[in-house]
Amino acid sequence: MGKTLQKIKVSKVNEMPKKLGKTVTIGSHEIALFHLANGEFRAIENRCPHKGGVLVEGIVSGDHVFCPMHDWKISVKNGEVQKPDNGCVKTFNVEIEDGNVYIVL
């Protein structure tokens, strides 16, 4: 039997400035929600796999966020760390509906 997905409203589109992030806590998940310059929204685990830096405090550039602790470059699309560093963070699906932002768990 498959797991039932939850769709949780976390913000309104007009409350999220572009190129900035917002911390969202859903149950045991601490999530970094980003509004990218191209208008897309992305959500990833809010901890860098290196030393646990808070990714929502990082600088967003294109499809990547730079960890504020040691400048690791992490894709907000697939959660992968750019080489030569290694690692990955969990990603979450984001849906926009009627001006609201939802994260799907």
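The values are calculated or read from the model by the stated rules, or taken from the named source; none is laboratory data. The shown structure was predicted, so the numbers you read here are calculated from the model rather than taken from an experiment. Cβ: placed from backbone, ideal geometry, glycine included. Neighbour counts: every protein chain shown. Side chains included, ligands, DNA and RNA excluded: accessible areas come from the protein's heavy atoms. Shrake-Rupley method; radii C 1.70, N 1.55, O 1.52, S 1.80 Å.
Do we have any residue at all in the stretch 91-99 that's in a loop (DSSP other than H, G, I, E, B), free of Cβ contacts under 8 Å to residues at least 24 places away in the same chain and surrounded by fewer than 15 Cβ atoms within 10 Å (Cβ to Cβ)?
The initial filter retains those residues of the stretch 91-99 that are in a loop (DSSP other than H, G, I, E, B), namely 98-99.
Next, from what is left, pick out any that are free of Cβ contacts under 8 Å to residues at least 24 places away in the same chain: 98.
Subset that is surrounded by fewer than 15 Cβ atoms within 10 Å (Cβ to Cβ): 98.
So far as the stretch 91-99 goes, yes, one or more of its residues are in a loop (DSSP other than H, G, I, E, B), free of Cβ contacts under 8 Å to residues at least 24 places away in the same chain and surrounded by fewer than 15 Cβ atoms within 10 Å (Cβ to Cβ).
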- Message: Looking only at residues that are assigned to a loop (DSSP other than H, G, I, E, B) and free of Cβ contacts under 8 Å to residues at least 12 places away in the same chain in the stretch 72-85, which one is most open to solvent (accessible area, probe 1.4 Å)?
- Response: 83
- Task: Scan the strands (runs of 3 or more DSSP E) fully inside the stretch 18-71 and keep the ones with 3 or more residues being buried (at least 16 other Cβ atoms within 10 Å of the Cβ) and at pLDDT 95 or above.
- Result: 29-35, 41-45, 64-66
